[in-house]
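Let me begin by presenting the structure, written as structure tokens, before commenting on it.
The values are calculated or read from the model by the stated rules, or taken from the named source; none is laboratory data. Because the structure is predicted, anything quoted here is derived from the model rather than measured. No Cβ is skipped: glycine too gets one built from the backbone with ideal geometry, and neighbour counts run over all protein chains shown. Protein only, heavy atoms only, side chains kept; ligands, DNA and RNA dropped before computing areas. Shrake-Rupley method; radii C 1.70, N 1.55, O 1.52, S 1.80 Å.
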There are 4 protein chains.
Amino acid sequence: MDHNKIQVGVIGCGSIGREHIERLTNVVPETEVVAVYDYVSEPAETAAQQYGATVYESGEALIRSDEVDAVLIASTDDTHAAYVMEALKQNKYVFCEKPLALSAEECEKMIEIEASQGHRLVQMGFNRRYDSGYVEMKEAIQNNEIGEPLMIHSAHRNISQSPGFKTDYAITRVAIHEIDISRWLLDEEYDEVQVLKVKQSKQTSGDWLNPQLVTFKTLSGQRVDVEVQTDGAYAYDIRCQVVGENGTLDLPDPASVVKRNNQSVSNELATTWAGRFGKSYDDEFLCWAKGILNDQLMGASTWDGYAACVTSDALIKSRDSGKPEKVTMIEQPDIYK
Amino acid sequence: MDHNKIQVGVIGCGSIGREHIERLTNVVPETEVVAVYDYVSEPAETAAQQYGATVYESGEALIRSDEVDAVLIASTDDTHAAYVMEALKQNKYVFCEKPLALSAEECEKMIEIEASQGHRLVQMGFNRRYDSGYVEMKEAIQNNEIGEPLMIHSAHRNISQSPGFKTDYAITRVAIHEIDISRWLLDEEYDEVQVLKVKQSKQTSGDWLNPQLVTFKTLSGQRVDVEVQTDGAYAYDIRCQVVGENGTLDLPDPASVVKRNNQSVSNELATTWAGRFGKSYDDEFLCWAKGILNDQLMGASTWDGYAACVTSDALIKSRDSGKPEKVTMIEQPDIYK
Amino acid sequence: MDHNKIQVGVIGCGSIGREHIERLTNVVPETEVVAVYDYVSEPAETAAQQYGATVYESGEALIRSDEVDAVLIASTDDTHAAYVMEALKQNKYVFCEKPLALSAEECEKMIEIEASQGHRLVQMGFNRRYDSGYVEMKEAIQNNEIGEPLMIHSAHRNISQSPGFKTDYAITRVAIHEIDISRWLLDEEYDEVQVLKVKQSKQTSGDWLNPQLVTFKTLSGQRVDVEVQTDGAYAYDIRCQVVGENGTLDLPDPASVVKRNNQSVSNELATTWAGRFGKSYDDEFLCWAKGILNDQLMGASTWDGYAACVTSDALIKSRDSGKPEKVTMIEQPDIYK
Amino acid sequence: MDHNKIQVGVIGCGSIGREHIERLTNVVPETEVVAVYDYVSEPAETAAQQYGATVYESGEALIRSDEVDAVLIASTDDTHAAYVMEALKQNKYVFCEKPLALSAEECEKMIEIEASQGHRLVQMGFNRRYDSGYVEMKEAIQNNEIGEPLMIHSAHRNISQSPGFKTDYAITRVAIHEIDISRWLLDEEYDEVQVLKVKQSKQTSGDWLNPQLVTFKTLSGQRVDVEVQTDGAYAYDIRCQVVGENGTLDLPDPASVVKRNNQSVSNELATTWAGRFGKSYDDEFLCWAKGILNDQLMGASTWDGYAACVTSDALIKSRDSGKPEKVTMIEQPDIYK
């Protein structure tokens, strides 16, 4: 790059794509958005106009363009894999929103290519790794403040979902955050996972399973349980407690004014993921930009995207089989260690 | 009873027996302890001297004595069933520390007799039903403050155990509290239970399994998970969260001074069950005395003791089988409804 | 006393008197109420019937009666001093609800008599000294957990008052608790006190001053501020923070279930002093009975009642003068040290 | 401005100046730092090199320079007034760190000029107005969630101070934040203020007065108390409670992981103002940039700087006189309303 800033091309200009363009433009000093693509032309053109970018006729063309140093993928889930593959072929840095792919096989191909190149090019959009609460928990574990971690108790509760929500999404779009953050906190791979059926909530606005109780067991026997409420909950509330031999760590609620009135003391909770985790997205992209400039990505990798994909598959299988299912992964290439 | 107070005979004068004698004497105005028995003579004699009671030569003799209106059983676990049976035969009120018996069959015999008499005589020592936190949670559920309960997440953490502790005791002496209180909170019977193996803590001072992860499923599909740390935990800490369709309820920590020093804000936690739940024992015995005077016991019943016994058996079976196991109970007689 | 229990005579059978009779009968094993008096006959007769006591025709007669070992004074404020004087003359133990007297002079006479007898007979009804939160704060100070105490920030907030409430009562009936508990926590006498005028609340149901801001300075220069809201507050809420050189201590809220619903997390607060401090009254009377049996009273003394009286007078003077006013006390006799 | 970004000149390149240069460069997309000055040449040159700015030979030259659109003043307190005056003369936007001046007279001159120009040019560096906790409190007041505000109880506690700290600084550099934020929260001017002497802390590393108790009374009679611990405190801890007729609002502690270990539950507190309020500085400069671009400054004004100055003077006078002192201000020009 002989220009001042990392020139980013963004594929997918829907709501999350727009938020990311805004961040790359106004929050991250090292990046500028020069190229956009969306399979619907209108949002791409709007974004292009607002941020002074060029509209491309395809994601592939955008990825191949000389003016694009790095690619951000925020398009629909089914398109991620092909775009990441193209970026790998073009040897360009890429930021991919979760999930990395719809199948483990696709992830394995990416890993093969990236590993053979001996250099990480992909950063996965697992933003919680940048949330100050989770970061503080990870540090406390590493500082041995609670001894060896043995369990995680967690909950992911949503007030509502967009139309078209399905039972699988409770895993692939919702619990996928806990799949990743629990692996990251425990620094271990999963051995076996299970979905447990639970009494259903009448607050569900569609016919999907809600809630679901999702559990992971790591190779060393640590247990993670995740209560997944995809609809009808009292707030957008994310809970996470790591239990170690000598103590526990709880993810804090966001700081909010302590109110005493009407015979009670209360704090407001978040209602949306954007309100709850906005700052973590900022830091995620600042980290990506720094990784590109240093030629050494630090955030979640293709391997992490793969692990999430394999785990999701096993969970969905378990939900259907009613039994625990194994998580089977290929050997981890050195570049991800 | 033509005398002023309920004359209680206490079987078992060990540490918990002594605490109960103290309570019946100094906290409960309606009772006095007139008779004691212990299979070791020394503690019985000491208690008798201190509280002005008569030492009996056997539990059976004590139960049959004319001066004894009601019996409290705080002897070793294996003796409970026979004493309760004797009290039922003598048609005397009895307070029995957990567990009610070592086998479901024994409980079923008691239930048969008590039901045939058409009148409750037994109150089980499930003291948490009198803890103000659990009571407040139960009321909030009944007041529909969180909608229909769907799950309970709970933890039972201990700093240490007496010598001779065994893996089974994690269920029969420790998680038995959660077996009872979860049924009571949800007002439902269990369908299926499971013990899950977890990575073990190096803080365990013996060779029993620690921690264990214990789960219950109710007939309507509600799920309860109980983390059971029997040794090495940071405090005597009891956590319980009921998750409903519209909200959650958390058992509060005991009130303690909020300290700000050394760059942190902190509260002390309890270290022993006596410190944590002392007040609930007071209220438990006050309730028992009132129940006797009104000829209508209100606390945990033979049925509740039976449910705990059957559930414990199924959990131990599950721990060995590695699978969920069914909880199978006889039909509930009307006097327990 | 050659009978089993301390035979107590109660003067004043209004609401607080009745609560105390109930406690002495059912909570304190060492006492029984044998005599009652009220200047209105009906409540005295009702209490006598319910608790098996004798109605006396005057407080003096009750105090002098041979069947009365100890006297509890819960009558109207203006009658306290004369009854205490009579008990002192009769050399009988007495429990006196706050205030000890309406004037400092009366207190000084009592002190003179009691000191000349060389033995404490009076315990003042400052129940907060028995609240577990305040007790824990006092211990933490003594254990040097926050270094030398320099300030106290506190608040006394009420939802409502009985009819007939007056501005003076904000001191003599409300802030009197903070006058005593702050002295007790700091273990120092006051040098100077002040009432500061504050913007008035429209929630006041009468024409008295509300709120008032009350401040004390101790002889060593420690400062105490007390926000006094006598009416219209969101709860019955008592706050107290001791600020030391190395940290702070906050009186905890009563433990209550943590509720998450409607996009907030909340705890209920107390609404009445009885709900908030009930347990402390139990412990106060248990302490009094023990003090009588040991012939050594431990609770708040005539001196503490005097200090509260002098401080109240100075505060009322300050409210009128708009300036700080001195707290001037006689020399402390040894029996109070 | 016909260039892309607001070109800022920074006067004062010490630690706070450097932090602001970093922010204007990397956090605020609308600004770039093109000019720097410091009365010591070395820090100016270092900053110039790092951020590609030009070093000027005087603050005045920097202010007058054509390449400078707006000025940021972070030099020593005694120089602020003259630089602001110069910026006003040059009709340039200026951001001035607190205090605005060392005397009320200087502030009045600025106000006269700015008011005569009919347009605000000055934004004061009162960063707390951008802290999410204070912002949330202000909104809750405006939404009438606690009724009419009557009092504020607050505390400003520091672990340590730089060498050379003096008693006056407890007002002019420390409590000045509470002077401003309390006015802002209550939306009222002060009538009378007072410094109260308090028992001194042995943790003070110099001979200045510590702690001091600072109080303000507003024109409508609202009372504000501020405990000011300038040294030796357990943390950098900022507390603020607004008391309204119907409830209270407490500034939240920063969110931090809840740790349970060693028989207690705890959260870490901040140790420095930078750690506690870093985000508010970001938002303060984003607001300044937006105000410049819209030709309408929104942040704290010359009037606010003046109010802080007059209040500080009265407090210092009160500290010496031992009495309350009046806060007397000129009539407020319309541009500040």
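The table that follows gives values for the structure above.
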read-out: Residues that are open to solvent by 30 Å² or more (accessible area, probe 1.4 Å) and within 14 Å of chain A (Cβ to nearest Cβ), drawn from region D:99-135; value: D:Ser132, D:Val135
read-out: Flag for C:Glu178 being touching a residue at least 24 places away in the same chain (Cβ under 8 Å) and either over 23 Å from C:Val327 (Cα atoms) or facing another protein chain (nearest Cβ under 10 Å) (or both); value: no
read-out: Hits in region A:196-250 (condition: out of contact with any Leu (no Cβ under 8 Å at 6 or more places or on another chain) and among the hydrophobic types (A, V, I, L, M, F, W, C)); value: A:Trp208, A:Leu209, A:Phe216, A:Leu219, A:Ala233, A:Leu249
read-out: Lone unmet requirement of (1) crowded, with 24+ Cβ neighbours inside 10 Å; (2) within 17 Å of the chain's Cα centre (by Cα) for A:Ala87; value: (2)
read-out: In region D:49-84, the residues that are within 18 Å of the chain's Cα centre (by Cα) and of a type in the set (Ser, Thr, Tyr); value: D:Ser75, D:Thr76, D:Thr79, D:Tyr83
read-out: Residues of region C:273-305 satisfying the condition of being touching a Leu at 6+ places or on another chain (Cβ under 6 Å) and over 21 Å from C:Ile21 (Cα atoms); value: C:Gly305
read-out: Single condition B:Pro29 does not satisfy, out of (1) open to solvent by less than 60 Å² (accessible area, probe 1.4 Å); (2) at pLDDT below 95; (3) outside any helix (DSSP H, G or I); (4) within 28 Å of B:Ile111 (Cβ to Cβ); value: (4)
read-out: Residue list for region C:283-337, filter: aliphatic (A, V, I, L, M), under 26 Å from C:Leu24 (Cβ atoms) and open to solvent by less than 30 Å² (accessible area, probe 1.4 Å); value: C:Ala289, C:Ile292, C:Leu297, C:Ala300, C:Ala308
read-out: Selected residue (only one of D:Val55, D:Val71, D:Val40 is under 19 Å from D:Gln7 (Cβ atoms), of a type outside the set (Ser, Thr, Tyr) and open to solvent by 30 Å² or more (accessible area, probe 1.4 Å)); value: D:Val55
read-out: Filter result (over 21 Å from D:His80 (Cα atoms) and either in contact with a Cys (Cβ under 6 Å, 6 or more places away or on another chain) or assigned to a loop (DSSP other than H, G, I, E, B) (or both)) within region D:291-329; value: D:Asn294, D:Asp295, D:Gln296, D:Gly322, D:Lys323, D:Pro324, D:Val327, D:Thr328
read-out: Complete set of residues in region C:1-48 that are among the charged types (D, E, K, R) and within 14 Å of another protein chain (Cβ to nearest Cβ); value: C:Lys5, C:Glu22, C:Arg23, C:Glu30, C:Glu32
read-out: Where a residue in region A:241-253 is within 15 Å of B:Arg239 (Cα to Cα) and its partner, wherever it lies, is among the polar types (S, T, N, Q) and surrounded by fewer than 24 Cβ atoms within 10 Å (Cβ to Cβ), with Cβ under 6 Å and at least six apart; value: A:Gly247/D:Asn261; A:Thr248/A:Gln241; A:Asp250/A:Gln241
read-out: Every residue from region C:74-84 that is in contact with a strand residue (DSSP E or B) (Cβ under 9 Å, 6 or more places away or on another chain) and either open to solvent by 20 Å² or more (accessible area, probe 1.4 Å) or part of a strand (DSSP E or B) (or both); value: C:Ser75, C:Thr79, C:Tyr83
read-out: Some residue of region D:104-112 being in contact with a helix residue (DSSP H, G or I) (Cβ under 7 Å, 6 or more places away or on another chain), within 19 Å of D:Gly9 (Cβ to Cβ) and either of a type in the set (Val, Ile, Thr) or not in a loop (DSSP other than H, G, I, E, B) (or both); value: yes
read-out: Flag for A:Lys166 being closer than 24 Å to C:Arg260 by Cα, more than 18 Å from the chain's Cα centre (by Cα), of a type in the set (Lys, Arg) and surrounded by fewer than 18 Cβ atoms within 10 Å (Cβ to Cβ); value: no
read-out: Matching residues in region A:258-279 - criterion: being touching a Ser or Thr at 6+ places or on another chain (Cβ under 9 Å), surrounded by fewer than 19 Cβ atoms within 10 Å (Cβ to Cβ) and hydroxyl-bearing (Ser, Thr, Tyr); value: A:Ser264
read-out: Meets criteria (under 23 Å from B:Trp303 (Cα atoms) and either of a type outside the set (A, V, I, L, M) or crowded, with 21+ Cβ neighbours inside 10 Å (or both)) for B:His156; value: no
read-out: Criterion violated by B:Thr248 - all others in (1) among the hydroxyl-bearing types (Ser, Thr, Tyr); (2) within 14 Å of chain C (Cβ to nearest Cβ); (3) surrounded by fewer than 21 Cβ atoms within 10 Å (Cβ to Cβ) satisfied; value: (3)
read-out: Conditions (1) open to solvent by less than 50 Å² (accessible area, probe 1.4 Å); (2) within 30 Å of D:Gln229 (Cα to Cα); number of the one not met by C:Asn143; value: (1)
read-out: Any chance B:Ala274 is at pLDDT below 95, hydrophobic (A, V, I, L, M, F, W, C) and touching a helix residue (DSSP H, G or I) at 6+ places or on another chain (Cβ under 9 Å); value: yes
read-out: Residue match in region B:226-242 (condition: away from chain C (no Cβ under 12 Å), buried (at least 21 other Cβ atoms within 10 Å of the Cβ) and of a type in the set (S, T, N, Q)); value: yes
read-out: Count of region A:297-316 residues which are farther than 15 Å from A:Lys217 by Cα, of a type in the set (A, V, I, L, M) and within 12 Å of the chain's Cα centre (by Cα); value: 1
read-out: Test: residue in region A:267-274 that is touching a residue at least 12 places away in the same chain (Cβ under 8 Å), assigned to a loop (DSSP other than H, G, I, E, B) and within 14 Å of chain D (Cβ to nearest Cβ); value: yes
read-out: Selection status of D:Glu67, touching a Leu at 6+ places or on another chain (Cβ under 8 Å) and of a type in the set (Asp, Glu); value: no
read-out: Lone unmet requirement of (1) within 30 Å of D:Pro211 (Cα to Cα); (2) at the interface with chain B (Cβ under 9 Å from one of its Cβ atoms); (3) surrounded by fewer than 20 Cβ atoms within 10 Å (Cβ to Cβ) for C:Ala255; value: (1)
